Amino acid sequence: MKAAVLHAFGQKLALESLADPAPGPGEAVVEIAAARVLSYMREVVSGARGYAMDMPAVPGVGAVGRIRALGPDATRLKPGDWVLCDPTLRSRDDPLTPDIALQGLIARGPGGAILQQRYRNGSYAELMLAPLENLYPLGDVAPAEASRWLAVATMLVPYGGLLAVDFRPGEVLAVSGASGSFGGAAVMLGLALGAAGIVALGRNGEALAALERRFGARVRGVTLSGDAAADAERIRATAPGPVDVALDILPPGAAASATRAAALSLREFGRLALMGGQQEDIALPYSWLMRNSIAIRGQWMYPRRANQSLIALVRAGLVDAAAFEIAEFPLADVEAAIDHAAAHRGAFKTTALRPDHAAIAATP
């Protein structure tokens, strides 16, 4: 098979021929039709993010493809089935606190490093080995539309945050980082799940206005000033009612004041989901948290059940995967794809590699 191989951080990915993977028990080999290129993948392969990756490795996190081969214990999946490949690897020998790695991206801790030894190669390849439990049937997919289904992989992250704090129809949601890829997806998902209103928070007023135009009156933007107390007051004044849930999904480098403002905007018994890359400590008043019964939940990625329910929402037409602008590149142009993803980051944009050679020339 052909694969884009990273030999060391800071080097270019090299298109090489590797041996085809063979599935063991509990595994499958997937023929990759479309692989997602993260907007920050250049930071990953350069080493700037400091992610733990054993070299050489095939990067690539998340994909859509068809089953090529199955291990001897597969009972439902069949060769040729279209599947969504979930990159969130979980160890099988601790049901309460499994070790986690993201296939083709990062290992978390010593246990994650062990998982990465078996599944170090991600989706920037013609074929990929994956655990059976990480493959979710999609039903019929037109090959030309494979990249559209990569939107599910983007939406799964904020969906995990909304599930973690039990977001409910009729509630008011504040999304901190709404102008980003994950934040924009959170806005769309909140509406699909029945939000009474969404306050979209960020520093880019033009991007927030674009969300208002796209989704209508239920979305209201607040451009943050950096003064957490003043911003929290503006959030409360802008929201159509008390803010029930705040989802923080800011990128690394964002100011801690943005997270603080979203938290302080919550009503009594409000819930805060922390999913972003914030590196600073966040100061929140102890007495306010206690007296207002505020629940704070950290959430990395999403539970397994999120995959099936989000796929069902897309199939039902409640979430529109076609809302994402797609740029496709053949596998041989992986470096151009990574550069394109970095230059075209933001809400509702997807850069895809097409190892199946069905790529459409991308327009910058």
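The values are calculated or read from the model by the stated rules, or taken from the named source; none is laboratory data. All figures in this text were calculated on a predicted structure; none of them were measured in a lab. With ideal geometry, Cβ positions are generated from the backbone for all residues, glycine too; neighbour counts draw on all protein chains shown.
Of the residues 343, 361, which is exposed (fewer than 15 other Cβ atoms within 10 Å of the Cβ) and modelled with pLDDT of 95 or more?
Details: 361 fails: modelled with pLDDT of 95 or more.
After ruling out the rest, the residue left standing is 343.
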- Message: Restricting to the stretch 41-56, give me the number of residues that are at pLDDT below 95 and crowded, with 19+ Cβ neighbours inside 10 Å.
- Response: 1
- Message: I need the full set of residues from the stretch 27-40 which are aliphatic (A, V, I, L, M) and either assigned to a strand (DSSP E or B) or surrounded by 24 or more Cβ atoms within 10 Å (Cβ to Cβ) (or both), in order please.
- Response: 28, 29, 30, 32, 33, 34, 35, 37
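For the stretch 289-309, enumerate the residues that are of a type outside the set (Gly, Ala, Ser), more than 20 Å from residue 245 (Cα to Cα) and assigned to a helix (DSSP H, G or I). Full working, then the answer.
At the first step, the residues of the stretch 289-309 found to be of a type outside the set (Gly, Ala, Ser) are 289-292, 294, 296-297, 299-305, 307-308.
Filter once more, so that each one left must be more than 20 Å from residue 245 (Cα to Cα): 304-305, 307-308.
Result: 305, 307, 308.
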- Which numbered condition residue 21 fails, given (1) under 24 Å from residue 342 (Cβ atoms); (2) buried (at least 17 other Cβ atoms within 10 Å of the Cβ): (1)
- Residue check, residue 74 surrounded by fewer than 16 Cβ atoms within 10 Å (Cβ to Cβ), assigned to a loop (DSSP other than H, G, I, E, B), in the same structural domain as residue 328 (by TED's automatic domain parsing) and more than 16 Å from the chain's Cα centre (by Cα): no
- Query: Which residues, taken from the stretch 237-279, are in a strand (DSSP E or B) and either of a type in the set (S, T, N, Q) or over 19 Å from the mean Cα position of the chain (by Cα) (or both)?
  - Reply: 243, 244, 245, 266, 267, 268, 269, 270, 271
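Which is in the same structural domain as residue 275 (by TED's automatic domain parsing) and either closer than 19 Å to residue 350 by Cα or modelled with pLDDT under 95 (or both), of 209, 185? Break it down stepwise before answering.
Numbers: 209 fails: either closer than 19 Å to residue 350 by Cα or modelled with pLDDT under 95 (or both).
After ruling out the rest, the residue left standing is 185.
Return yes or no: is residue 157 β-branched (Val, Ile, Thr), within 22 Å of residue 88 (Cα to Cα) and at pLDDT 95 or above?
Numbers: β-branched (Val, Ile, Thr): yes; within 22 Å of residue 88 (Cα to Cα): yes; at pLDDT 95 or above: yes.
So residue 157 passes the test.
When you go through 255, 263 one by one, which is the residue that is at pLDDT below 95 and in contact with a Leu (Cβ under 9 Å, 6 or more places away or on another chain)? Break it down stepwise before answering.
Working: 263 fails: at pLDDT below 95.
Step by step, each of 255, 263 is checked, and only 255 is at pLDDT below 95 and in contact with a Leu (Cβ under 9 Å, 6 or more places away or on another chain).
When the stretch 140-155 is examined, which residues are found to be closer than 24 Å to residue 80 by Cβ and part of a helix (DSSP H, G or I)? So that I can check it myself, show each step before the final result.
Let us first name the residues in the stretch 140-155 that are closer than 24 Å to residue 80 by Cβ, namely 140-153.
Within the stretch 140-155, 143, 144, 145, 146, 147, 148, 149, 150, 151, 152, 153 qualify.
With respect to residue 267, determine if the residue is farther than 30 Å from residue 49 by Cβ, touching a strand residue (DSSP E or B) at 6+ places or on another chain (Cβ under 8 Å) and surrounded by fewer than 20 Cβ atoms within 10 Å (Cβ to Cβ).
Working: farther than 30 Å from residue 49 by Cβ: yes; touching a strand residue (DSSP E or B) at 6+ places or on another chain (Cβ under 8 Å): yes; surrounded by fewer than 20 Cβ atoms within 10 Å (Cβ to Cβ): yes.
In short, yes.
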- Being closer than 21 Å to residue 308 by Cβ, of a type outside the set (Ser, Thr, Tyr) and assigned to a helix (DSSP H, G or I), is that true of even one residue in the stretch 123-133? yes
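Residues are listed down the side, and each one gets a yes or a no for (1) more than 20 Å from residue 191 (Cβ to Cβ); (2) within 16 Å of the chain's Cα centre (by Cα); (3) among the small types (Gly, Ala, Ser):
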| position | (1), (2), (3) |
| --- | --- |
| 289 | yes, no, no |
| 313 | no, no, no |
| 321 | no, yes, yes |
| 332 | yes, no, yes |
| 339 | yes, no, no |
| 345 | yes, yes, no |
| 348 | no, yes, no |
| 353 | yes, no, no |
- Query: Mind checking whether some residue in the stretch 99-112 is β-branched (Val, Ile, Thr), buried (at least 19 other Cβ atoms within 10 Å of the Cβ) and in contact with a strand residue (DSSP E or B) (Cβ under 6 Å, 6 or more places away or on another chain)?
  - Reply: no
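Looking only at the stretch 77-113, count every residue that is among the aliphatic types (A, V, I, L, M), in a strand (DSSP E or B) and in contact with a Pro (Cβ under 9 Å, 6 or more places away or on another chain) and tell me the total.
Step one: filter the stretch 77-113 for residues among the aliphatic types (A, V, I, L, M), giving 77, 83-84, 89, 96, 100-102, 105-107, 113.
Okay, now just the ones that are also in a strand (DSSP E or B), so 83-84, 89, 100-102, 106-107.
Cutting the leftovers down to in contact with a Pro (Cβ under 9 Å, 6 or more places away or on another chain) gives us 83-84, 89, 101-102.
Counting residues in the stretch 77-113 that are among the aliphatic types (A, V, I, L, M), in a strand (DSSP E or B) and in contact with a Pro (Cβ under 9 Å, 6 or more places away or on another chain) gives 5.
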- Considering each residue of the stretch 233-255, count those that are in contact (Cβ under 8 Å) with a residue 24 or more places away in the chain, among the small types (Gly, Ala, Ser) and surrounded by fewer than 17 Cβ atoms within 10 Å (Cβ to Cβ), and give that number. 3
- Of the residues that make up the stretch 78-92, is at least one farther than 25 Å from residue 147 by Cβ, touching a residue at least 24 places away in the same chain (Cβ under 8 Å) and out of contact with any helix residue (DSSP H, G or I) (no Cβ under 9 Å at 6 or more places or on another chain)? no
